[in-house]
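K.L.:
Below are the structure tokens for one structure; questions will follow.
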């Protein structure tokens, strides 16, 4: 399971369905549906209770949502920490060694 999978899962929950989540994520609906099914297959459990076109979180889905929120928050914190440390390192020495992912342009 990738962080991108968790972002898609969380978007489906927050948007209340696959179609709106796909629009928000700028993806096609079939891609979002496939990713949700892959997560369900990976975990061997249903994450949603499907009632027609409506989706409701299953008990397992509620558990995963808690983990997804925490993991995605940690990933955001890690990116921010990288950016802060990268700026500090570039102001001291060897700015060419700070990766561009931390927000530095190439020199």
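K.L.:
If the requirement is being in contact with a helix residue (DSSP H, G or I) (Cβ under 8 Å, 6 or more places away or on another chain) and under 24 Å from residue 73 (Cα atoms), which of these qualifies: 7, 20?
P.N.:
Working: 20 fails: in contact with a helix residue (DSSP H, G or I) (Cβ under 8 Å, 6 or more places away or on another chain).
Unique residue meeting the criteria: 7.
K.L.:
While we're here: Considering only residues that are loosely packed, with under 13 Cβ neighbours inside 10 Å and under 24 Å from residue 5 (Cα atoms), look in the range 80-99 and name the one that is modelled with the highest pLDDT.
P.N.:
The initial filter retains those residues of the range 80-99 that are loosely packed, with under 13 Cβ neighbours inside 10 Å, namely 80-81, 84-85, 88, 91-94, 96-97, 99.
Keeping just the survivors that are under 24 Å from residue 5 (Cα atoms) gives 80-81.
Values: 80: 89, 81: 85.
Of everything passing the filter in the range 80-99, 80 is modelled with the highest pLDDT.
K.L.:
Follow-up. Which ones in the range 1-37 are closer than 13 Å to residue 65 by Cα and in contact with a strand residue (DSSP E or B) (Cβ under 6 Å, 6 or more places away or on another chain)? Quick ask: steps written out before the conclusion?
P.N.:
Step one: filter the range 1-37 for residues closer than 13 Å to residue 65 by Cα, giving 3, 5-14, 36.
Hits for the range 1-37: nothing passes.
The values are calculated or read from the model by the stated rules, or taken from the named source; none is laboratory data. All figures in this text were calculated on a predicted structure; none of them were measured in a lab. So basically every Cβ, Gly included, is an ideal-geometry build from the backbone, and we count neighbours across all protein chains shown.
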